[in-house]
Amino acid sequence: MNKPIDNAGFVNKGLSDSQSLNKVWLCAGILLAATAVMLGAFGAHGLKAILAPSALATFEIGVRYQMYHGLAIIALPALSAYVSPKWLNAVAALYVIGCALFSGSLYLLAITGNGLLGPITPLGGLCFIIGWIALAIAIVNGKTSKGKSND
C-alpha cells in the first residue's frame, strides 16, 4: 500500500520520486494557507482599530493572495498524472516566492506605511503570473502515455 507522502519527501500516489511534488512545497502551501487565516483574523480584529481603512484593505489583499496561492500549491499533486514534477515543483516555488514578495511587502506596507516597499510588490505579482503561465505550459506539454513528460 502506497503512502500519500513517502519518506523521501514526495507526494506519492503510486508514482516514483521523480514523478511527484516535493513534500516541502506541499507543507509550504499548507503553512501559507494556515498563516493566511491567522493574518486575516489578526487584520480583522487586531488591526482594524489601528490601521486606516486603506491600509487595512492593502493588508487584506496580501492575505487573499497568500490564501489563493497556498491552496493552489496544495492542489498541485492532483495534477501529477498530467504534468511533469519538474514543472509542478517550479510552479510551487514561484508561488512561494510570490507570496513572500507580494503578500509580505503588502503586510509591511500596510503596517509601516513605508512606500519604499512598493517596487517589491509587483515582483511578487510577476512570480504569481509566471507560475500560472508555467502551469498552463506544463498542462499543454503534459505527459506521454508512459508517464514521461514531453518537456
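Read the figures in this text as sums done on the coordinates, not as results from a lab. On a predicted model such as this, the values are computed, not experimentally measured, just so you know. Positions of Cβ are backbone-derived with ideal geometry, glycine not excepted, and every protein chain shown enters the neighbour counts.
The alpha-carbon atoms of the range 42-151 define a convex hull whose volume equals 82 cubic angstrom per residue.
Full extension of the segment from LEU123 to VAL140, taken as 0.36 nm per residue of separation minus the current Cα-Cα distance, would add 3.6 nm. Under 5 Å from the amide H of SER80 lies no amide H of any residue 5 or more positions distant or on a separate chain, with H modelled from the backbone and absent for Pro and chain starts. Between LYS86 and SER54, the simple label model (points 7 Å from Cα in the Cβ direction) yields a spacing of 4.7 nm.
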